[in-house]
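Comments concern the structure below.
The values are calculated or read from the model by the stated rules, or taken from the named source; none is laboratory data. Quick caveat: nothing in here was measured; it's all calculated off a predicted structure. Virtual Cβ from ideal backbone geometry, glycine too; neighbours counted across all protein chains shown. Heads up: the accessible areas ignore ligands, DNA and RNA and are worked out on the full protein's heavy atoms, side chains in. Shrake-Rupley method; radii C 1.70, N 1.55, O 1.52, S 1.80 Å.
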Amino acid sequence: MLASRVERGRYLDSVALMRVSRRLEALAGVERAALMIGSPSNKALLRGAGLLADEGEAATPNDLIIAVRAVDEPAAAQAMENVERLLSENQASAPESLPHARGLAGALELLSGANLALISVPGEFAAYEARKALGRGLHVLLFSDNVPLEQELELKTLAKERNLLLMGPDCGTALVAGAPLAFANVVPRGDIGIVSASGTGLQEVASLIARMGGGISHGIGVGGRDLDARIGALGTLAAIDALDEDPATAKIVLLSKPPSPEVAQRVLERVKASSKPCVVCFLGLESGNSGRVSVAGTLTEAAEWVVGRKLPATAVAGLKRITAGRVEALYCGGTLCAEAELIFRRRGLSGHRFVDLGDDEYTRGRPHPMIEPEIRNDHIARAMADPAVGLVLVDLVLGFGSHENPAGVLLKVLKGEKPVIASVTGTDQDPQVWSRQVALLREAGVVVAASNAHAAELAASCAA
């Protein structure tokens, strides 16, 4: 039974809509639910899920589509009746003290000194809005994903011509002059600048730097495709230029998943010309030093080298080698997942499974597991019950935007004697409080390592 309606001229935050969808799916008799803006890509997702009725086909990007598939008509009707209540509970009202505007022009009238725009709209409209902001002389953090590659190239070329930064698309994390933007952690100001093509990579390194006594001048995200050969590191090179000229930045860290080889070489040549010492962590490159440039093999090494001290390893007692079964690594952070898999490969280990549950394959029409970690719980419960799995490896990522208690959510499904190793990215100043989350996990018997790389090394030692 499919129930559906379209609310004309209603636009709501996608994260709030995803949360309401998940709460509807928890109601008795509901098989699937979705609340989405009527953009072409969203309608394609709904169509593929069998949730797009005729009225939904006619919806526009200015409309809200509400669809519920249930076992019978009463269950569908009950769910539809709950929609407005759930929306009102999830829509946090903005403080009255903050200025409000309906568009860029109005916002600049209210905040005439602004020099940065954060854009989070459906991918179909993101380039248009970013182009407008660049045209007004604003740096741009483009949180939106699903922006075509050719539009990213166009926007970054325009930003370069105007001597502006274009962070993104799909830029989930930045720290600009101490201000955390999107998914970011609370870290002290300092003299270390970070340029990152990875949101969780930036969060991990900034948090480790903070926990080792260092601080961040700026953390500039550039989007996950910036070091693709077709983009040519336009965002990364612009960010390096900006940090080179910044008097508050004394050292620079560069982070990325495996980049295009020719682009990696171009970036390495650029940092060699910098007047400031640089640490580069392009996952997959071997560690080494060349003059003022050091190449770190892991995110932990990058943080250690730029701070100049070693991250203490966690003392572990009673963790034994697994004699049967594979390691099942279930991650929220894509770069953290890639780092763990790389550590296993370097040790010559195979037959283990690494899953990035934040990938588009798992998040289409659903919140990211950093926002709603219960999405991962189904996978963890299956791994805990699977006799072919000998050990489970997980990450928790704290900070603004992330779930208020990810450890508490994880502990709901950790049943049985199977060993679990975790890393927790964050600081004690984060809303979730890093030490509190670690303590919850350890009290339940989870082995919590000092970093993601340390956790992966522990798991690899158990599997070797």
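Matching residues to (1) surrounded by fewer than 19 Cβ atoms within 10 Å (Cβ to Cβ); (2) over 22 Å from the mean Cα position of the chain (by Cα); (3) within 11 Å of Asn62 (Cα to Cα):
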residue	(1), (2), (3)
Glu7	yes, yes, yes
Tyr11	yes, yes, yes
Val20	no, no, no
Ala26	yes, yes, no
Gly29	yes, yes, no
Arg32	yes, yes, no
Met36	no, no, yes
Ser39	no, yes, yes
Asn42	no, no, no
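Just to be sure before I move on: is Ala239 in contact (Cβ under 8 Å) with a residue 60 or more places away in the chain, of a type in the set (Gly, Ala, Ser), buried (at least 20 other Cβ atoms within 10 Å of the Cβ) and over 25 Å from Trp434 (Cα atoms) in the structure I sent? Don't jump to the end; show me each part of the working.
On the way: in contact (Cβ under 8 Å) with a residue 60 or more places away in the chain: yes; of a type in the set (Gly, Ala, Ser): yes; buried (at least 20 other Cβ atoms within 10 Å of the Cβ): yes; over 25 Å from Trp434 (Cα atoms): yes.
Answer is yes for this residue.
Residues of segment 137-153 being at negative phi and surrounded by fewer than 16 Cβ atoms within 10 Å (Cβ to Cβ), which ones?
Within segment 137-153, the first condition is being at negative phi, and the residues that meet it are 138-145, 147-153.
Across segment 137-153, the qualifying residues are Pro148, Leu149, Glu150.
Could you list all residues from segment 331-353 that are over 28 Å from Gly50 (Cα atoms), open to solvent by less than 40 Å² (accessible area, probe 1.4 Å) and not β-branched (Val, Ile, Thr)?
Restricting attention to segment 331-353, the residues satisfying the condition of being over 28 Å from Gly50 (Cα atoms) are 331, 333-353.
From what's left, open to solvent by less than 40 Å² (accessible area, probe 1.4 Å): 331, 333-340, 342-344, 349.
Selection gives Tyr331, Gly333, Gly334, Leu336, Cys337, Ala338, Glu339, Ala340, Leu342, Phe344, Leu349.
With the condition kept exactly as written, say whether any residue in segment 103-120 is part of a helix (DSSP H, G or I) and charged (D, E, K, R).
Looking only at segment 103-120, we keep the residues that are part of a helix (DSSP H, G or I), and these are 104-110.
Now restrict to residues that are charged (D, E, K, R): 109.
Yes - at least one qualifying residue is present in segment 103-120.
Would you check which residues across segment 154-189 are open to solvent by 10 Å² or more (accessible area, probe 1.4 Å) and among the hydroxyl-bearing types (Ser, Thr, Tyr) and list them?
Answer for segment 154-189, where residues must be open to solvent by 10 Å² or more (accessible area, probe 1.4 Å) and among the hydroxyl-bearing types (Ser, Thr, Tyr): just Thr157.
Of the residues in segment 428-463, how many are more than 18 Å from Val205 (Cβ to Cβ) and out of contact with any Lys or Arg (no Cβ under 7 Å at 6 or more places or on another chain)?
Residues flagged as more than 18 Å from Val205 (Cβ to Cβ) and out of contact with any Lys or Arg (no Cβ under 7 Å at 6 or more places or on another chain) within segment 428-463 amount to 20.
Residues in segment 73-96: is at least one more than 23 Å from Pro367 (Cβ to Cβ), of a type outside the set (S, T, N, Q) and modelled with pLDDT under 85?
For segment 73-96, residues more than 23 Å from Pro367 (Cβ to Cβ), of a type outside the set (S, T, N, Q) and modelled with pLDDT under 85: present.
Check Gly224, Gly232, Gly297 and return the single one that is open to solvent by less than 30 Å² (accessible area, probe 1.4 Å) and either acidic (Asp, Glu) or closer than 30 Å to Ala117 by Cα (or both). Even if it seems obvious, please write down each step before you answer.
On the way: Gly224 fails: open to solvent by less than 30 Å² (accessible area, probe 1.4 Å); Gly297 fails: either acidic (Asp, Glu) or closer than 30 Å to Ala117 by Cα (or both).
Answer to the selection: Gly232.
Determine if segment 258-270 includes at least one residue that is buried (at least 17 other Cβ atoms within 10 Å of the Cβ), at pLDDT 95 or above and in a loop (DSSP other than H, G, I, E, B).
Checked against the condition, which is being buried (at least 17 other Cβ atoms within 10 Å of the Cβ), at pLDDT 95 or above and in a loop (DSSP other than H, G, I, E, B), segment 258-270 yields no hits at all.
Among the listed residues Val121, Val195, identify the single one that is touching a residue at least 24 places away in the same chain (Cβ under 8 Å) and at negative phi.
Val195
Wholly within segment 317-408, which helices (runs of 4 or more DSSP H) include no fewer than the required count, namely at least 3 residues that are within 26 Å of Gly284 (Cα to Cα), touching a residue at least 40 places away in the same chain (Cβ under 8 Å) and not acidic (Asp, Glu)?
Values: elements: 334-346, 360-363, 374-385.
The helices (runs of 4 or more DSSP H) meeting that bar are 334-346.
Any idea which of Ala324, Ala315 is among the hydrophobic types (A, V, I, L, M, F, W, C), touching a strand residue (DSSP E or B) at 6+ places or on another chain (Cβ under 8 Å) and either more than 30 Å from His368 (Cα to Cα) or exposed (fewer than 13 other Cβ atoms within 10 Å of the Cβ) (or both)? Write out each step before concluding.
Numbers: Ala315 fails: touching a strand residue (DSSP E or B) at 6+ places or on another chain (Cβ under 8 Å).
Exactly one of Ala324, Ala315 is among the hydrophobic types (A, V, I, L, M, F, W, C), touching a strand residue (DSSP E or B) at 6+ places or on another chain (Cβ under 8 Å) and either more than 30 Å from His368 (Cα to Cα) or exposed (fewer than 13 other Cβ atoms within 10 Å of the Cβ) (or both), namely Ala324.
For residues in segment 377-401 being within 16 Å of the chain's Cα centre (by Cα) and open to solvent by 10 Å² or more (accessible area, probe 1.4 Å), which is modelled with the highest pLDDT? Working first, answer last.
Just the residues of segment 377-401 that are within 16 Å of the chain's Cα centre (by Cα), to begin with: 394-401.
Filter once more, so that each one left must be open to solvent by 10 Å² or more (accessible area, probe 1.4 Å): 400-401.
Details: Phe400: 95, Gly401: 90.
Here the answer is Phe400.
Could you check segment 165-187 and list, in sequence order, the residues that are without any contact (Cβ under 8 Å) to a residue 40 or more places away in the chain and touching a strand residue (DSSP E or B) at 6+ places or on another chain (Cβ under 8 Å)? Walk me through it before giving the result.
Of the residues in segment 165-187, the ones without any contact (Cβ under 8 Å) to a residue 40 or more places away in the chain are 178-179.
Gly178, the sole residue that qualifies.
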